[in-house]
1. For Lys363, list the lysines whose Cα falls under 23 Å from its own Cα; do not include residues on the same chain fewer than 8 positions away.
2. Please report the relative contact order for the range 222-285, taking Cα pairs under 8 Å with a sequence separation of at least 6, and give it as a percent rounded to a whole number.
3. Determine the distance separating the Cα centre of the range 214-280 from the Cα centre of the range 185-204; give it in Å without decimals.
4. Rounded, prolate or oblate for the range 238-319? Axes are the square roots of the Cα gyration tensor eigenvalues, ordered a ≥ b ≥ c, and the cut-off for rounded is a/c under 1.5.
5. May I ask you to list the residues of the range 121-147 whose amide nitrogen lies under 18 Å from a point 7 Å from Cα along the Cα→beta-carbon direction of Asn73?
6. According to the Kirkwood expression over distinct Cα-Cα pairs, how big is the hydrodynamic radius of the range 1-157, in Å?
7. Points 7 angstrom from Cα along the Cβ direction at Tyr13 and Asn295: gap in nanometres?
8. Treating cross-link reach as a plain straight distance, find the lysines whose alpha-carbon is under 17 Å from the alpha-carbon of Lys303, omitting any fewer than eight places away in the same chain.
Amino acid sequence: MKKHYQLFINGQYVDSSNGEVFETHNPATGEVLATVAKATKKDVDKAVEAARAAFESGKWPRMTAAKRARLLNRIAEMMRERFEELVRAEVLNSGKTVAAAKGQIMQAIEDFEFYAAACLTLQGDVNQVPNGFFNYTLKEPVGVCGQIIPWNYPLMMAAWKVAPALAAGCTVVLKPASYTPITAYMLAEICHEAGVPAGVLNVITGSGSEIGPYMTEHPGIDKVAFTGETETGKDIMKRASETLKRVTLELGGKSPNIVFDDCDLEGAVNGSLYGIFYNTGQSCEARSRLFVHENIYDEFMEKFLEKASRIRVGNPFDEGVHMGAVISKSHQQTIDHYVKLAVEEGGKILYGGKIPEGGEYEKGYWYLPTVIGDVTNDMRVAQEEIFGPVVVVMKFSDEQDVIRQANDSIFGLGSAIWTNDHGKAHRVAAQIKAGIVMVNSPISAFPGTPFGGYKQSGFGRELALETLNLYTETKSVVSYIGSKPLNLFGL
């Protein structure tokens, strides 16, 4: 019998107000995993009311930082105890490989541990003011936070948002993606069992086109944090402006990967493969524009294509598989459309470029790792986010020209540089317009490293100490402590 997930509001599991449900699937097989309550605007109202009550009259915002820290650590401890269960649910619901899921679930756990420690650092200041006055500041939670997360890293993205919000003393209405709601509900269950008070964390699922905008416009929500597609981010900004909500946006990318001729070639090949094909290319900071210096282009591409041909695509639970399924049939078709468009624009498929057939690929949604050459930076496949296992390759000869091309994009999330000249690495890094620059490594984020974008990749930084500033308000208290009463009118 398939499992059914209800909405989680005010510490209780409840059906949607109209009783409607939707199905969530296993992308690797196309099979239905579970039915999920489909929230209405009325359910959003209930979740916001619960979060507002927990914030205005509940104990969570008034709890000592030390006690909140203990609860965050308890959440992390319980996630570790249920690690294998969380990994299995993530693989089944997202189609990602078990190896990828293990790494991402572990980071989600470490996020809660990081913010358990970080919340103890929240403090105000005492400022220099004229004699007779005393001024100090307080860091107070911003209020009720609406958090909308994507399907590509379901539990990890939930942790990136929930952990700092709870650490700051905020309350949360969390909306996971409709494709991947299961681990968000598991997180809510863990938080509840750990002792997080009712109403502090609420989880609702449903139509992103209906309840997402409603959350963004809702006058009872003080802040919106969103990770997802850029056009949706723009719409959120417009809607949030009506109530002047605080907004954090982590949006799309078309990240450059620059390989200089003085690099460690083997390391650059391996890192470049991982940078685009990890998580089946479904990463906002995927290094999808590969720039290779002309002096090593042929040698690099020979090794790159040979290793790309050895990437295993298949059963996500097989430990030897490198790439799992893509999230849905429609997304599979979008990826294939861009590959065909690349050929129409004059690109050449060097490897992959199609949906695999036969055997285990008959069911589910799959796409081969794809490498496209003969691309120029003005082509749509070099400018638009594909969000799949597709890399476009370009040759360069000059440092300043490759910097110009790397920056010639509406996006500015990730970037990577491969060189053994550390002076060059940091000189180029200083000129790249992106929130993350990886030098001789494909790894973009650890708990404690700020993650976020420039330009149309969004604003605000997650995963770091400074993230707490996004979930707090600074209150300035000015007090007169002089010995004589003030008489500024001289009356």
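1. Lys2, Lys3, Lys96, Lys329, Lys340, Lys354
2. 34
3. 26
4. Oblate, because a/c is 1.5 or more while a/b does not exceed b/c.
5. Label zone hits: 121-122.
6. Working: mean 1/r = 0.0531 Å⁻¹.
Kirkwood hydrodynamic radius for the range 1-157: 18.8 Å.
7. 6.3
8. Lys395
The values are calculated or read from the model by the stated rules, or taken from the named source; none is laboratory data. Predicted, not measured: the structure shown is a model, and the values here were computed from it. Cβ: placed from backbone, ideal geometry, glycine included. Neighbour counts: every protein chain shown. Keep in mind that these areas ignore ligands, DNA and RNA; they rest on the heavy atoms of the full protein, side chains included. Shrake-Rupley method; radii C 1.70, N 1.55, O 1.52, S 1.80 Å.
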